[in-house]
Ligand SMILES: [Zn+2]
């Protein structure tokens, strides 16, 4: 297959039925991924701890993983393990608490582009709010918004080795998006949930925005949690591949810190004040510049493993829609996906 592809899925029913439909739709890709990663069948004690938390507190997600394995014709533990592997990536998030088009949460998805299948999902789980989101084929991981107007996105960020030393089995960052979209309506509710079920296994930023203009960036690591809120002027916020609160030690050796700092500079120049509208945010997400480019793909001689912008999405609760570009946003148009 070519490097990055998209599949649109309309998923409804019980969580298990949703998992089955998803698994069947991406079965060939998922089987190849599981084989490629040499994921064995059979148990795995740290994973069993994480699984116990899922089945006890978030049984819907556990059911969906069972459905995924059934739909794809794979062993359950292979699918659970595949979901436990971090898909990696960079990403830029922009949070606009208010403006002419209401609150907006935008994300450029930056990953090494080889062999990726992304889903664009309209989900109508029985007894839960509907959601429109992007996802990774074969995984629960994904970001978007629910019909209550709550939006979730995220960026990778490495915490300092001291904070990562406490890493253990537990909630993975990639599960927070789906959990928040099914259980929460506001940023306050999502913050309470994250505080009750801290991420234990990895680190990163989680961006939250709601229909009333609530906004927060949660800096999560196994041994710490920091919450950034908008300033008193409610100016737009940005999350890149580091921690910006100043209270959370970032891994200082990561090569992408310098690139992240340049993107923050580009953001400050673009959104120094005022509330941008949807078109302003689209223009920003597709913008290129010499240093600190927000749309990050390269042309011609690009290195395949370099993190590149492969899609862009903007959650717009006032529109009840997700705007998503199937490719770098400077080339692929934003298309509207509603409920
Ligand atoms: Zn571009």
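Throughout, read-outs are computed from the coordinates displayed, never taken from laboratory work. Owing to the predicted nature of the structure, the values given are computational and were not obtained by experimental measurement. With ideal geometry, Cβ positions are generated from the backbone for all residues, glycine too; neighbour counts draw on all protein chains shown.
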What 222 nm value per residue comes from the helices of the chain, counting each DSSP H run with n ≥ 4 as -39,500 (n - 2.57) and dividing by all residues, nearest 500 deg cm²/dmol?
-> -9000 deg cm²/dmol
Build a GNM of the chain with springs between Cα atoms under 10 Å: which of 225, 85, 181 gets the top mean-square fluctuation?
-> 85
Working note, the chain: Cα radius of gyration (Å, one decimal) and Dmax (Å, whole number) are 18.6, 54
Would you mind ranking 217, 227, 199, 96 by Cβ crowding within 10 Å, fewest neighbours first?
-> 227, 199, 217, 96
Order by neighbour count: 164, 248, fewest other Cβ atoms within 10 Å first, most last.
-> 164, 248
Normalised by the number of residues in the stretch 92-338, what is the relative contact order in percent for Cα pairs under 8 Å and 6+ residues apart?
-> 25
Identify which of 203, 245, 312 has the largest mean-square fluctuation in a Gaussian network model of the chain, with springs joining Cα atoms closer than 10 Å.
-> 245
With eigenvalues of the C-alpha gyration tensor scaled by 5 and rooted, the stretch 39-101, Å | 31, 15, 13
Estimate the FRET efficiency between residue 12 and residue 57 by the formula 1/(1 + (r/R0)^6), using the beta-carbon distance for r and 41 Å for R0, to the nearest 0.05.
-> 0.95
Compare 267, 118, 58 in a GNM of the chain, Cα atoms joined below 10 Å, and give the one with the largest fluctuation.
-> 58
What is the stretch 90-200 by shape, rounded, prolate or oblate, if you read a ≥ b ≥ c off the alpha carbon gyration tensor as root eigenvalues and call it rounded for a/c under 1.5, prolate for a/b larger than b/c, and oblate otherwise?
-> rounded
Approximate spin-label separation residue 76-residue 37, in nm, with each point projected 7 Å along Cα-to-Cβ | 1.8
So residue 24 and residue 234, fully extended at 0.36 nm per residue minus their Cα-Cα distance, gain in nm 71.2 nm
Hey, what does the equivalent ellipsoid look like for the stretch 180-276, semi-axes from the Cα gyration tensor as sqrt of 5 times each eigenvalue, largest first, whole Å?
-> 22, 20, 10
Length added when fully stretched, residue 114-residue 47, from 0.36 nm per residue minus Cα-Cα | 21.4 nm
Going by C-beta contacts inside 10 Å, put 313, 47 in order with the fewest on the left.
-> 47, 313
Extension gain, residue 287 back to residue 336 (0.36 nm per residue minus Cα-Cα distance, nm) = 15.7 nm
